[in-house]
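Presented below is the structure to which this report refers.
Only the coordinates and a few stated rules stand behind these numbers; no lab work does. Quantities reported herein were computed from a predicted structural model and do not represent experimental measurements. Virtual Cβ from ideal backbone geometry, glycine too; neighbours counted across all protein chains shown.
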Amino acid sequence: MADDADPTARLLALRQSIDNVDAALVHLLAERFKFTQKVGRLKAASGLPPADPAREREQIARLRALATESHLDPAFGEKFLNFIIAEVIHQHEQIANTGTIETQL
């Protein structure tokens with residue numbers, strides 16, 4: 001019997017692919033936050049505010065377009081980016097107030 005005919009084997013293979021994508025997403029998010037933390041330190045040193053509403057609007061519009069091109073629900077893409085933006089702003093506020101980011105484990 002071929003693996004293609006075995007639903008359990010197919011399920012396992014699909015889940016492994018999902019796990020690989022999840023790992024890549026975590027690594028990409030970690031890399032993204034390294035850069036946004038540098039931005040936060042630069043903003044704090046320059047006296048700039050933690051949030052940049054104009055930039056956020058541009059990024060949301062950009063991500064919605066990318067989501068549409070990728071056949072992903074743009075509303076979901078926007079929710080995902082809003083979640084990330086909220087965390088970035090929170091970290092920028094921490095950097096501005098304390099000079100560091102408190103991790104929550």
Two-decimal log10 I(q)/I(0) for the stretch 40-98, as the Debye equation yields it once each C-alpha is a single scatterer, q = 0.14, 0.16, 0.24, 0.27 Å⁻¹
-0.44, -0.54, -0.88, -1.00
Tell me the angle of helix 74-98 to the major Cα principal axis of the chain, expressed in degrees between 0 and 90 and rounded to the nearest ten.
40
P(r) over all Cα-Cα pairs of the chain, 10 Å bins from 0 to the longest distance, whole percent per bin, short to long, reads 13, 31, 28, 16, 8, 4, 0
So if I place +1 on the C-beta of Lys and Arg and -1 on the C-beta of Asp and Glu, and nothing else carries charge, what would the dipole magnitude of the chain be about its Cα centre? I want it in debye, nearest 20.
520
Modelled FRET efficiency - R0 30 Å, Phe35 with Leu12, Cβ distances, 0.05 increments:
0.25
Set Lys and Arg Cβ to +1 and Asp and Glu Cβ to -1, take the dipole of the chain about its Cα centre, and tell me which of Leu11, Val39, Phe80 lies farthest positive.
Val39
If I fit a long axis through the Cα atoms of helix 53-69 and take the longest principal axis of the Cα atoms of the chain, what angle between them do I get, 0 to 90°, rounded to 10?
10
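Tell me the relative contact order for the stretch 3-98 as a rounded percent, counting alpha carbon contacts under 8 Å between residues six or more apart.
Numbers: 48 pairs, mean separation 30.8, N = 96.
Relative contact order comes out at 32 percent.
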Can you tell me which of 48-61, 76-89 comes out highest on packing, and rank the rest after it, using the mean Cβ neighbours within 10 Å?
76-89, 48-61
